Amino acid sequence: MLEINNLHVDIDGKQIINGLTLTVPAGEVHAVMGPNGSGKSTLSYTLAGRDGYEATDGTATLGGADLLGLDPEERAALGLFLAFQYPVEIPGVAGMTFVKTALNAVRTARGEGELSALDFLKLVRARLKDLGIDEAMLKRPVNAGFSGGEKKRNEVLQMALLEPKFCILDETDSGLDIDALKIVADGVNKMRGPERGMLVITHYQRLLDYIKPDKVHVLAKGRIVKTGGPELALELEEKGYGDVLAGVAA
Amino acid sequence: MSATAETVADVERLNEKYKYGFVTDIEAENAPKGLSEDTVRFISAKKNEPEWLLEWRLEAYRRWLEMKEPDWGKLGYPPIDYQDAYYYSAPKSNENAPESLDDVDPELLRTYEKLGIPLREQEMLAGVKNIAVDVVFDSVSVATTFKKKLAEAGVIFSSISEAIQEHPELVRKYMGAVVPRDDNYFAALNSAVFTDGSFVYIPKGVKCPMELSTYFRINAENTGQFERTLIIAEEGSYVSYLEGCTAPMRDENQLHAAVVELVTHADAEIKYSTVQNWYPGDENGVGGIYNFVTKRALCAGDRSKVSWTQVETGSAITWKYPSCILQGDDSQGEFYSVAIANNMQQADTGTKMIHLGKRTRSRIISKGISAGNAQNSYRGLVKMLPTAEKARNYTQCDSLLIGDQCGAHTFPYIESQNRSARVEHEATTSKISEDQLFYCRQRGIGEEEAVALVVNGFCREVLQQLPMEFAVEAQKLVSISLEGSVG
Amino acid sequence: MAAKEPLGVAAFAPSFRERSGEPEWLSGLRRDGFARFSEGGLPTNRDEAWKYTSLRPIARAKYEPAPANDDAVLGDLPGLMLEGSARAVFINGRLAPALSDLEGVTAYVLPLADALGADWVQALLGRQVDDAQVMYALNAALFDDGLAIRVPDGETMPRPLEILFVAAPGERALMWHPRMAIDIGENARATIIERHIGPAKGAYLANHGADIRVADGAVLTHAKAQLEGGEGRHLAMARVSIGEGAIYDNFVLTLGAALSRNEVATSLNGSDSEVRLNGAYMLNDRQHADHSSRIDHLAPSTRSRQVYSGAIGGNARGVFQGHIVVDQIAQKTDGHQLNRALLLSDHAEIDSKPVLEIYADDVKCSHGATAGDIDDDQLFYLRARGIPAEQARLLVVRGFLAAAAEGLGDEAVRSIMLAELDKALGLEGIE
Ligand SMILES: Nc1ncnc2c1ncn2[C@@H]1O[C@H](COP(=O)(O)OP(=O)(O)OP(=O)(O)O)[C@@H](O)[C@H]1O
Ligand SMILES: [Mg+2]
């Protein structure tokens, strides 16, 4: 499903990702862990097509389609969803308007046609309920003045609404309280399915107690330096990155 | 379909950027070209005006001859040849003023239909609040709707020409009382040659039962439009008034110099909203309306209030500063503005809040958006006079830049002569946020739509001030005006 | 209509004379300066750049050029503001070598007349003058004395330099037009402190001009305490060009003079350069003080910070004009200006005009302006802690004004400026 091969990425002429290779087959959930500044967010932004993240070498495809040449909205239409590590505030734009516009854009691109106002509202209410989010949140401008945890929940809500084919969650667990972590993990688990792939970036093993990954990768210095099963996360939690990094050339 | 997507589709359907750009083929009667005392006499005679008004006009004309065109705005345009324009153009069919809408030239009615202005009262949608409309086509008012219903409430809503005939004492008392005829170059010009406009009088204690609206349309070629609007709100009354403007697409520039005067007595309130969408010219700056407007309100009575809301998206040149003289104690002035300049447009707009009365309050919220090669300036004055005990002002001016060929400028003047008065002014200028655009696009929203969404959010505080029916229109207009500004 | 003689030209014309022995470029500069002045005359409210400050009174005052200092009556000179500084003393606009102490900095600080042959002096003085800079043009035409200060590349001026300007006016109204040329070389550093003092009585006009270059990587701290006499009029204009990565850190404390205008025009010519213009002013009686600034962002990633705070009492009037221009190439500009004024009497007035003119899109610019009386909440808080009302007011005013000095990078300089402020407030030793 998601295939990344020998990817190199520059930001402002500085190489951040150098030779990253990673495959996530449909139906699987892979976790990515790694020290601060190792390039995890850079990878997710690059896949989502953020300006300034220049892939200088390598390839990235989703379901066989080349991602790197596409505009961000085209990638979204292909079914790529990124839950941001730092969700952006958009003053003056009501959350409801925002998700409606996004959903209709994505549906139109997929040839599904727009939802009627009523169906849309039904859908939104159902998802809000699943995630234990108050509808009032969607009346406020997107993320504006939200607490850290509220922003993260809002990301998961949008993910649930847009029903993407492939989800990247960049530290969606950071900032969540204990109950919210469970709710969010439940939401994510509900979305697991044979058609859908997920890349879960996290620093904490705890999330992986709830969202059982098929594989765990360690990203360091812009490359995947180690891959293992769920037990790798436990090992890292215990020992830190020291051992893993020891073998990596600078 | 979302509002913005709808807009984009609309525009594509029309296959032109400015959908009001058509010309109505209608026979018109013009004054001889050029400007002289004779032109002034011609207009006054056409309108069968009393002698005092002719004298008033002539005096304004003489003052205008001595005045200099202002050059302090951040605007560049070739010199205007005031002799190369018509100062009076009236649809011929309107020569004998229509008694009712049935007498109005059907061609005209169709024009307004095309513009989306409901003129036939029965066509008003059920459920939508009723709106009475005065329609000014080139130099004359062609129709005013709902007159009867308004008359029952004691509200006078008519063209100013009619008011001059029917209510000369009111017109004489108030015309020029807020904007003296020699106030500035363009006001003097207007005073000399104004042809029509709207007149509103709300008697004591009356809340006007419906929104009032004037729709201005420039149709004829080489014609200037010089309308004059006068609104008087007596003690304890209230009115909400909206004006809209469009013009055909023409290669030459057309002049529009209006004067609007508002007077509120004690406890009265006027809410004045404008959606200005005169033809802005093409991407290369050919054609478009030169819009030089003097709008001023006198909050004469205690606790009176005037609120100006404007959405300025049209015109090649905009020179406009709706102002409030806060004379009554506890009176309030508000100015909410969205000004969008794209392509080669130039806008220099803002407000003046002159605080005289005790505890007077003013609030200024200005949102400027520049795109293409446009220049957009906010220019404002807040003045606290020594009598303005405990007066307050709050000003927030934000500018947004889209593209690196445009400019955004802020020229505030803040003068305080009262220690107990408090003035707060804030202004920011920044680029449209890449982060916000990326976030929208990651969710699948296309670039143009993402821009429209973010810009509408930026303007929200102002758009919210518009009467509901127009807020949606205005939102679409914001999106259309920015077409082609990205990518 | 007969052409009207521009304001004040007749009053100044007799002072303008050809001077023998000066280099040709300077004679040209003086002629140009006078021609420019004669064209427009003294600025009045009709000139946008002088909208709130009219120099009409100056035309009437009939100032005469100050004679050489021999007969100036002087009391004791005040002590140094900053311990360890070198000092150049000017009496009525002329350098008084006998009163100065330039030990250790003689290689850096020269009388202007001795440096006229240097290319760098010519380059600095000869820069283009804006139309609005009329008094600066007049300064060029009329200056008799000044300093040429130069710190070569990579060097640090060994001692801070205090320039003490003493006004010793006589029976007749006198004027002087000192000129400074300041060149801080690449990666060089210097601290210059100006102090302007004068007696309570006696009319005079001090019309200062300064040409400053802060080269790539250099840092210039330039502070000024304006404590002119009660009948003095003080006009000062500094034009500063700032190179890549350089910092120009300017602070002005305005307490004196009947009429004053402190104008700083800076251009950020190199990328990553920074300018800080800050000021505090306290006015009383019929004082009029104008702080005007112009910042041209002409290179990418440049930064400007301005905070001016004023407390205005009596019948005084404060003026602030701040003008930020961001050129089309100056992407990633970060500019901020703030003007805050306290009106402490019923007849005080503040006029401010903070202009932003922006031609680049990737910028962050903002300005703010406030005017009003002392914050009642603050006052109440202090009084609730047992501080008597009058004392509390002073403290609040002090805090309000001192905030403007926060942007001044050099701590020692900041504290002497605040000490000067505290002296004026009768709060000596508060910090
Ligand atoms: N715009 C930029 N310019 C220069 N360097 C950048 C830029 N953005 C990111 N970097 C650098 O790229 C590296 C990778 O950053 P990234 O955000 O991808 O790390 P991360 O693995 O997500 O870290 P964290 O766990 O803290 O979220 C860091 O060293 C960061 O400083
Ligand atoms: Mg990260």
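Each reported figure results from applying straightforward, stated rules to the coordinates on display, with no laboratory input. Keep in mind the model is a prediction, meaning the values are calculated, not measured. Cβ coordinates were reconstructed from backbone atoms using ideal geometry, including for glycine residues, and neighbour counts include every protein chain displayed.
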query = What residues qualify as long-range amide H neighbours of residue B:359, i.e. H under 5 Å apart, gap of 5 or more or another chain, H built at 1.01 Å from N?
reply = B:330, B:389, B:390, B:391
Phi to ³J(HN,Hα) by Karplus 6.51 cos²θ - 1.76 cosθ + 1.60 over region C:85-97, Hz, x for Gly, Pro = 6, 7, 9, 10, 10, 10, 10, 6, x, 10, 5, 10, x
Cα→Cβ-extended label distance, 7 Å offset, between residue A:117 and residue C:119, nm = 7.6
ask   = Residue farthest toward the positive end of the dipole of the protein assembly as shown, with Cβ of Lys/Arg at +1 and Asp/Glu at -1: which of C:88, B:54, C:121?
value = C:88
ask   = What is the mean projected area of the alpha carbon convex hull for the protein assembly as shown, to one decimal in square nanometres?
value = 52.3
inquiry  = Which aspartates and glutamates, if any, have their Cα less than 19 Å from the Cα of residue B:33, not counting same-chain residues under 8 positions apart?
reply    = B:81, B:84, B:138, B:196, B:221, B:227, B:251, B:252
message = Along the charge dipole of region C:141-200, pointing to its positive end and built from +1/-1 on Cβ of Lys, Arg, Asp and Glu, which listed residue (C:156, C:182, C:143) has its Cα farthest out?
response = C:143
key: Distance between modelled label sites at residue B:74 and residue C:428, nm, 7 Å Cα→Cβ extension   = 4.9
query = What are the residues whose amide H is under 5 Å from the amide H of residue B:207, where those residues sit 5 or more places off or on another chain and H is modelled from the backbone?
reply = B:238
remark   = Expected vector for region B:60-72, Karplus 3J(HN,Hα) from phi with 6.51, -1.76, 1.60 and θ = phi - 60°, integer Hz, x for Gly and Pro, equals 4, 4, 5, 5, 4, 4, 8, 8, 10, 5, x, 10, 7
Principal semi-axes in Å for region A:63-138 [√(5λ), Cα gyration tensor, largest first] = 24, 17, 12
query = Quick one: putting +1 on the C-beta of Lys and Arg, -1 on the C-beta of Asp and Glu, what dipole do you get for chain C around its Cα centre, in Debye to the nearest 20?
reply = 960
message = Of C:112, B:264, B:345, which is farthest towards the positive pole of the protein assembly as shown's charge dipole, taken about the Cα centre with +1 and -1 on the beta-carbons of Lys, Arg and Asp, Glu respectively?
response = B:264
query = Relative to the Cα centre, what is the charge dipole magnitude of the protein assembly as shown, using +1 at the beta carbon of each Lys and Arg, -1 at the beta carbon of each Asp and Glu, and rounding to the nearest 20 debye?
reply = 2000
inquiry  = To the nearest 20 Debye, how big is the dipole of region A:1-143 about its Cα centre, given +1 on the beta carbon of each Lys and Arg and -1 on that of each Asp and Glu?
reply    = 620
ask   = In terms of modelled amide H atoms, which long-range or inter-chain residues lie less than 5 Å from the amide H of residue C:194?
value = C:163, C:223, C:224, C:225
task = Go through region C:104-116 residue by residue and turn each phi into a ³J(HN,Hα) via Karplus (6.51, -1.76, 1.60, θ = phi - 60°); whole Hz please, and just put x for glycine and proline.
result = x, 10, 4, 6, 9, 10, 10, x, 4, 4, 7, 10, 5
request  = Show me B:438-444, A:118-124 ranked by packing, highest mean number of other Cβ atoms within 10 Å first.
outcome  = B:438-444, A:118-124
note = DSSP beta bridges in region A:2-246: the antiparallel percent, rounded to 5, is 60
ask   = Which shape class, rounded, prolate or oblate, goes with chain A when its Cα gyration tensor gives a ≥ b ≥ c as root eigenvalues, a/c under 1.5 marks rounded, and past that a/b bigger than b/c marks prolate?
value = prolate
task = Would you calculate the separation in nanometres between label points at residue C:103 and residue A:86, each defined as 7 Å from the Cα along the Cα-to-beta-carbon direction?
result = 5.5
task = Using Cα positions and a limit of under 28 Å, work out the lysines in reach of residue C:224, with same-chain residues fewer than 8 apart set aside.
result = C:51, C:62, C:201, C:353, C:423
remark   = Given a Förster distance of 35 Å, the FRET efficiency implied by the Cβ-Cβ spacing of residue A:243 and residue A:65, rounded to the nearest 0.05, works out to 0.40
Alpha-carbon Rg with Dmax, taken over region B:296-450, Å = 17.6, 56
